[in-house]
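A short worksheet on the structure shown next.
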């Protein structure tokens, strides 16, 4: 692992260790992410699925329970060790998102949730995803919308320190262009991400957060979505 990735690994090991010691297992909007996968209706029994940035493996566990063949990877050793202890016999591996130790064309679908924005060398990641996908395979993922996330993080933390953790925020247009350049067809899905997971985060914004919590984002234009849910199909 090169020095930059090792530094990233140490950073997220510290983050996961502190979070887990504080009782925080879930870092993403699990139910909305599962609803997104169900809505796409693209996963089939017998598919080989890879989730990159799986954390402790909550999505991997749920899909494995539904009889999919799922492998989960995360750069954090702490997260993977915790997930193996919590869930038992899952295929969870320590791997960075920019260096996948899998053969070409091995997976029918690749998933990631709250990962894309964290990767500094994002083109390297997208190239790896395309490489491990089978022809016509899908990259199904979620990432915060730059238009909404950058102001939210700045207001919530009253600083720009969040840039260290979110170096690759994209607008919808930027995201589409990057994926097309890497040989993907791209579609977006609108999901209403306001639920018991996101409401506590919105409370940091005070009255503005209460107002946002009442919005049905599925009815808003793509540029106003809080999160971008992406269906990217490998072109061949």
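For the reader, a short list of remarks on this structure follows.
- Only one of the listed residues (31, 8) is in contact (Cβ under 8 Å) with a residue 40 or more places away in the chain and over 27 Å from residue 193 (Cα atoms). That residue is 8.
- Cross-chain or 6+ apart pairs with Cβ under 8 Å, the stretch 88-100 first and at negative phi and in contact (Cβ under 8 Å) with a residue 60 or more places away in the chain, then surrounded by fewer than 22 Cβ atoms within 10 Å (Cβ to Cβ) and part of a loop (DSSP other than H, G, I, E, B): 96/1; 98/121; 99/1
- Sole residue being at pLDDT below 95 and surrounded by 15 or more Cβ atoms within 10 Å (Cβ to Cβ), chosen from 146, 161: 146
- The single condition from (1) surrounded by 20 or more Cβ atoms within 10 Å (Cβ to Cβ); (2) in contact with a helix residue (DSSP H, G or I) (Cβ under 7 Å, 6 or more places away or on another chain); (3) closer than 18 Å to residue 13 by Cα that residue 94 fails is (1).
- Residue count, the stretch 168-183 (criterion: part of a loop (DSSP other than H, G, I, E, B) and over 15 Å from residue 114 (Cα atoms)): 2
- Filtered residue count, the stretch 15-28, keeping only those that are without any contact (Cβ under 8 Å) to a residue 12 or more places away in the chain and part of a helix (DSSP H, G or I): 3
- The stretch 101-143, subset surrounded by fewer than 16 Cβ atoms within 10 Å (Cβ to Cβ) and under 17 Å from the mean Cα position of the chain (by Cα), residue farthest from residue 70 (Cα to Cα): 120
- Among the residues of the stretch 101-120, those identified as in a loop (DSSP other than H, G, I, E, B) and in contact (Cβ under 8 Å) with a residue 24 or more places away in the chain are 102, 103, 104, 105, 106, 114, 115, 119, 120.
- In the stretch 34-66, the residue that is surrounded by the most Cβ atoms within 10 Å (Cβ to Cβ) out of those that are without any contact (Cβ under 8 Å) to a residue 12 or more places away in the chain and farther than 22 Å from residue 82 by Cα is 38.
- Any hit, the stretch 74-87, residues being part of a strand (DSSP E or B) and touching a strand residue (DSSP E or B) at 6+ places or on another chain (Cβ under 6 Å): no
- Criterion violated by residue 77 - all others in (1) more than 22 Å from residue 229 (Cα to Cα); (2) at pLDDT below 95 satisfied: (2)
- Criterion violated by residue 114 - all others in (1) touching a strand residue (DSSP E or B) at 6+ places or on another chain (Cβ under 9 Å); (2) farther than 23 Å from residue 45 by Cβ; (3) at pLDDT 95 or above satisfied: (3)
The values are calculated or read from the model by the stated rules, or taken from the named source; none is laboratory data. Because the structure is a prediction, the values reported are computed rather than measured. FYI the Cβ positions are ideal-geometry reconstructions off the backbone, even for glycines, and counts take in every protein chain you see.
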